[in-house]
Amino acid sequence: MIHNRFILVIVLAIGHLNTCLAQYERRVASRDFYDYYNHANYDEALVPDYTLPDIMQCLDGTVVADVKTWEEKRRPELLRLFTSFMYGKQPLPDSTFSFERMGKDRKVLNGRAMRRDMMLHLTGDGPDVQLSLVWANDHNRLPRKTMMGISFIPNDSIFTFYPNGKRPKGAEAWDIDSLFAHGYALATFCYTEAEADKAKDLFKSSRLHRHFYQKGQHYPLPDEWGAIACWAWTASRAMDALGALAADIVDMQQVGIMGHSRLGKTALWAGATDQRFATVVSVNSGCGGAALSRRCVGETLECVNEWCHHWFCGNFRQYSHREEWLPFDQHELLALIAPRRLVVISGTEDHWADPKGEGISCQEAEAAYRLYDKPQQINYLLREGPHQVMAVDWHFILTP
Ligand code: GCU
């Protein structure tokens, strides 16, 4: 009898737990993305009071007054903080990719340009990951300064022009004519070849994430990388590939990295972690990119952590609604790019990305650039228009 009651209590307890979990899931699901979007704060008068962490003050109180202290103490400290609490650490050794040149250079764009195709192979026990990297220029003087673009669409789509002059959807973000006219080559890879962009696919990952899971592991640990760090790390490996397979045509001292929106966040993290990128460009990167988290304008950490939580590491979720507890803010991410050229572009209609917060972030990041006497290396543009890469953006990027 006692035994039966005991079983009943257990069964009831499990039932209750299930109900609680289901309610929790419903609560999360009941705030869909548009609910966040429509009820976000867009009113300057409602921005909470906040104090930004001081870029120039180390955790132990040391004040940074010179480049040496910045480079040897504060910069590595900030990198560690962003790694542990936001983007996550990358557990793969850098040498995991091998590179292969794919055949001879081809003529593309009606013979106007030369294209070199490269393949990156992920070696090891996990699933096979292949990444194609395409570099193109217009036959002029070599080696070329190069913009590396992290792309939403496959490489072939970027370089396709239909006979009527139109291009595939999404390709217009890459203004090949302007790039070539300003003496740049374009190198691109498609981000989902490296890692999926859906939480459920990433946790079941068949790509980069799977390669670092220990036996029996199915989820990244709280401090292990989210998708943004995977894509950023891939950009570094693409940089390795250019060095190994295209140093004859690429000026390796003048390779920039560029991305839009979530890939703008990625470009910033790639620029922060890999100092070989001479120019770092983010367009409309918003929350988790150039925008200050503490302003809570437009997208907030709660939304990005609910709807896009696979972009960041698990530790980042604890800061939803607790922005003031963050041990950093995004102006310090931008500071990590100093003294290299940083281009941040916002759109007046892109309220979700908090254009004003992106601008303040750039102003604040100047503290690190001033150490090098190079504040002019931060180029911020607030232009008319929506959340998309526009021709005016390219003009701004290409004419420093
Ligand atoms: C969503 C998301 C943003 C992101 C954007 C994008 O709007 O909330 O953080 O920048 O998608 O990548 O297109």
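Using mean Cβ contacts within 10 Å as the protection proxy, how do 240-250, 219-229, 88-98 order, highest first?
219-229, 240-250, 88-98
List 261, 361 from most exposed to least, where exposure is judged by having the fewest other Cβ atoms within 10 Å.
261, 361
Among the lysines, which fall within straight-line cross-link reach of residue 166, defined as a Cα-Cα distance under 17 Å, with same-chain neighbours fewer than 8 residues apart omitted?
Cα-Cα hits under 17 Å: none found.
Looking only at the chain, where both bridge partners belong to it, what percent of the DSSP beta bridges are antiparallel (to the nearest 5)?
Just about 40 percent of them are antiparallel.
Counting each pair of different Cα atoms once, what's the Kirkwood radius of segment 38-151 in Å, rounded to one decimal?
19.8 Å
Could you line up 172, 366 from fewest to most neighbouring Cβ atoms inside 10 Å?
By the 10 Å Cβ count, ascending: 172, 366.
Per residue of segment 150-155, what does 6.51 cos²θ - 1.76 cosθ + 1.60 with θ = phi - 60° give for ³J(HN,Hα)? Whole Hz please, x for Gly and Pro, Karplus curve as stated.
8, 10, 7, 10, x, 3
Any idea how far apart residue 348 and residue 58 come out in nm if each label point goes 7 Å out from Cα toward Cβ?
4.5 nm
Can you bin every Cα-Cα distance in the chain into 20 Å intervals starting at zero and give me the percent of pairs per bin, rounded to whole numbers?
Cα pair-distance distribution for the chain, in percent: 26, 55, 16, 3, 0.
Provide the per-residue ³J(HN,Hα) series for segment 339-354, in order, calculated from phi with Karplus coefficients 6.51, -1.76, 1.60 and θ = phi - 60°, each as a whole number of Hz, with x at glycine and proline positions.
x, 6, 6, 10, 10, 10, 10, 10, x, 4, 8, 8, 4, 4, 8, 6
Given a cut-off of 27 Å, name the pairs among 107/169; 89/169; 169/356; 265/356; 89/215 whose C-alpha atoms lie farther apart than that in the structure shown.
Check vs 27 Å cut-off fails for 89/169; 169/356.
Neighbour counts of other C-beta atoms within 10 Å: give me 319, 34 arranged from fewest to most.
Arranged by neighbour count, lowest to highest, 319, 34 become 34, 319.
Step through the residues of segment 226-233 one at a time and calculate ³J(HN,Hα) from phi using the Karplus curve (6.51 cos²θ - 1.76 cosθ + 1.60, θ = phi - 60°), rounding each to whole Hz and writing x for Gly and Pro.
x, 5, 4, 5, 4, 5, 5, 5
Peptides 290-302, 173-185: what's the order by average Cβ count within 10 Å, highest mean first?
Descending mean neighbour count gives 290-302, 173-185.
Using modelled backbone amide H atoms (1.01 Å from N, in-plane), which distant-in-sequence or interchain residues come within less than 5 Å of residue 148's amide H?
187, 256, 257, 258
Sorted by average packing, counted as other Cβ atoms within 10 angstrom per residue and highest first, what order do 336-345, 76-85 take?
336-345, 76-85
No lab work stands behind these numbers, since they all come straight from the coordinates. Note that this is a predicted model, so its numbers are computed, not measured. Ideal geometry is used to build each Cβ from the backbone, glycine not excepted, and the neighbour counts take in all protein chains shown.
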